[in-house]
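Everything below concerns the one structure shown next.
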Amino acid sequence: MRLYEYEAKELFAEFSIPIPGGKVAHNPEEAVAAAELYNYRVVLKSQVLTGGRGKAGGIKTAASKDDVFEISKELFGKKIKGYSVEKLLIEPLLDIESEYYLGMTIDRTKYELVMIASSEGGVDIEEVAANNPERIFRKEFEIDEPIFSFDGFALAKKLGIVSPQLREFSSFSTNLYRLFTHYDAKLVEINPLVKLRNGGFMAADARISLDDDALFRHPDLAKRGIEKRHEEGELTPREKKAREWGIPYLDLDGDIGMFPGGAGFGIMGNDFIHYYGGKPANFMDSGGGPSPERIAKMLILLDENPNVKAIFGARFGGISRCDDFAKGVILFLKEHGLSKPMVLRMTGNMWQEGVRLFNEAKNETPELFRNIEFHGIETPIEEIAKRAVELAKGKK
Amino acid sequence: MAILVDKDSKVIVQGITGGAGSFHTKRMIEYGTNIVGGISPGKGGQSVEGKPVFDTCAEAVEKTGADTSVIFLSAKFVKEAAIEAIRAGIKFVVVVPEHIPIHDMLRIRKEAVKYGARVLGGNTPGIMTPGEANLGIMPDIAFTPGRVGTLSRSGSITYYIADTLTRTGYGETTCVGLGGDPVLGSTFAEILQLFEDDEKTKAVVMTGEIGGVYEEMAAEQITMMSTPVIAMIGGVYAPPGKRMGHAGAIVEGTMGTAESKLKVLGAAGAHIAKTFLDIPKILSELKV
């Protein structure tokens, strides 16, 4: 979960990492009021959950009251890589002497935490790594290993930082490390970490990405309004609805409704449909052990989607049991009804019970099942995918 | 022969008194898995499916000689449970729950390395040695004893591959679920080496998906193997910048695309399958 810059800077302040100060504005009037504190010599920074804001024109400087008003008005109407700008961070302009990079992340391949520092700040660090690898310094840590001041001194020395700034830079790195471990971060990045003309260091930018799965350990964050959020641009109406129902769902541009079980086969099944000449209308993931109600909702999303011409259904019961799956499908058929053709394969844990439930319901109300072609383990899943493509093309 | 588990593995279930824990304990026992007990702090002395429940792993190890554990607990309790098992002397821990905090997985991995234990997951369907042991949530209908090993990030993919190998008469030695979480207890490379050392395993099918770097890390291992490896990667048609279900399943820039993974694995000597039905074709060409 990515934090907004102003949120990240709040956490920085909590861990004694110097920040420029500044205020969040929600409209041009608030921007002007905030800028007054700094004599209108400010930088206006769009708060969006994407990188490359500067290049996309989301960060501007101003030197007068009119400037602040006009620029903030322009920024508030802007979209940056699909994200609307709803908040600006108004900060005083800094008198910068030099720019550094300091970051911390997890190396999943080595199961280590790694602190990364460079004297090339304010630019894309991946480019520095590619073009000037000798300007990048790493220090690895095992999880829960303490950091010492001398670790910070060593990094500072490599960056060419000398006394009297040595100790200050060192605290920067140790505080960053403490913040990283305390908040279960995946990434904390200061780019640039600036050295001011009057001497001190400051975090001019701040980027923090936290682990969603560890938020239960940090109830204090929710109190500050830092909660789980959607980070990938704007949602379609159906994606919004799915999200309210807690179903991972993406709209795609094809016509085959994908009702595939877990994420693993959701991803692979999408490929299969393409291999057989079709195009999926969506990606969807039932999650582990979905309830019958959830299964029914997944089908509602597909049946109500006008782009969907046929539905590809696959359930290989593991943690998700076939009996629950069958109950969900039957619930959907009874309460909503299926208006599209669906080819469905069901096998795995509790498949006998699932089949029994289907047969029972079908005997009672055969008309509800008229659009379903049902298969078990005897039919390879590839045949089901091919059939879904045929159905979408109108073949009986 | 098999890898990691067989009929002699002495297995405890952590979280045996919970809903999923008791349901799957019953299934695992019915399959013939040697379940020797379970853990549920505060419920020591009870029994589930005829197996004794202990308060701590140390007691279970002392009384039953347990060497393997399957965890069915919610994510926030997994760190404690896994580390407890490892420190009690359990050598193989299977973490079924999903959404384990990343820092916790690093802690678990650190303990595992220190104590010489191996961890699978989180978010693994478990591990199955057909005819001998079924640890986790895998549906036995898909599996039959045979000569191909499988490893995958995803549960359903594991079942589809086994289903295909079963239907075409190859069968499986052991099927390993690595897990769908972003940081995993074991890597493809580590498990591939176990298959390489297993005499009965004549070929390995590994499947991965977009996102992360675990698949790429397997490449070096594949170049050193004499056992043929068939690789399959899901997400060739995944839209970039969109997360597909699993926490790690996202293509960012050129990182973690199916194309890059397939290219690296192919260059390392893996045989690439596009669909499950390609797998028996390749096995037949390889004369496995």
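Looking across region B:199-242, the residues that are within 14 Å of chain A (Cβ to nearest Cβ) and hydroxyl-bearing (Ser, Thr, Tyr) come down to B:Thr207, B:Tyr214, B:Tyr237.
The residues of region B:129-153 that are under 16 Å from A:Asn349 (Cβ atoms) and among the small types (Gly, Ala, Ser), listed by number, are B:Gly136, B:Ala142.
Here B:Asp140 passes the criteria (1) modelled with pLDDT under 95; (2) out of contact with any Gly (no Cβ under 7 Å at 6 or more places or on another chain); (3) on the phi > 0 side of the Ramachandran plot except the one numbered (3). Could you say whether any residue in region A:235-244 is outside any strand (DSSP E or B), among the hydroxyl-bearing types (Ser, Thr, Tyr) and either within 14 Å of chain B (Cβ to nearest Cβ) or without any contact (Cβ under 8 Å) to a residue 12 or more places away in the chain (or both)? Within region A:235-244, one or more residues are outside any strand (DSSP E or B), among the hydroxyl-bearing types (Ser, Thr, Tyr) and either within 14 Å of chain B (Cβ to nearest Cβ) or without any contact (Cβ under 8 Å) to a residue 12 or more places away in the chain (or both). Report whether or not B:Phe92 is of a type in the set (A, V, I, L, M, F, W, C) and within 12 Å of another protein chain (Cβ to nearest Cβ). No. Every test in (1) within 13 Å of another protein chain (Cβ to nearest Cβ); (2) touching a residue at least 12 places away in the same chain (Cβ under 8 Å); (3) closer than 21 Å to A:Glu112 by Cα; (4) within 18 Å of the chain's Cα centre (by Cα) is passed by B:Leu120 save one, and that test is (1). Applying the set (1) more than 15 Å from the chain's Cα centre (by Cα); (2) loosely packed, with under 13 Cβ neighbours inside 10 Å; (3) away from chain B (no Cβ under 14 Å); (4) under 26 Å from A:Ala13 (Cβ atoms) to A:Pro219 leaves exactly one unmet item: (3). So for region B:69-82 (the condition being over 23 Å from A:Phe216 (Cα atoms) and not in a helix (DSSP H, G or I)), does at least one residue qualify? Within region B:69-82, one or more residues are over 23 Å from A:Phe216 (Cα atoms) and not in a helix (DSSP H, G or I).
Restricting attention to region A:46-55, the residues being under 20 Å from the mean Cα position of the chain (by Cα), part of a loop (DSSP other than H, G, I, E, B) and surrounded by 13 or more Cβ atoms within 10 Å (Cβ to Cβ) number 6.
Within region A:363-389, the set of residues being touching a residue at least 40 places away in the same chain (Cβ under 8 Å) and among the acidic types (Asp, Glu) comprises A:Glu382 only. The criterion of at least 3 residues that are buried (at least 22 other Cβ atoms within 10 Å of the Cβ), without any contact (Cβ under 8 Å) to a residue 60 or more places away in the chain and of a type outside the set (A, V, I, L, M) is met by the following helices (runs of 4 or more DSSP H) wholly inside region A:258-362: A:263-275, A:322-335. Here B:Ile127 passes the criteria (1) at pLDDT 95 or above; (2) buried (at least 24 other Cβ atoms within 10 Å of the Cβ); (3) in a loop (DSSP other than H, G, I, E, B); (4) not small (Gly, Ala, Ser) except the one numbered (3).
The values are calculated or read from the model by the stated rules, or taken from the named source; none is laboratory data. Since the model is a prediction, treat every value here as computed from it, not as a measurement. Cβ atoms come from the backbone with ideal geometry, glycine included; neighbour counts cover every protein chain shown.
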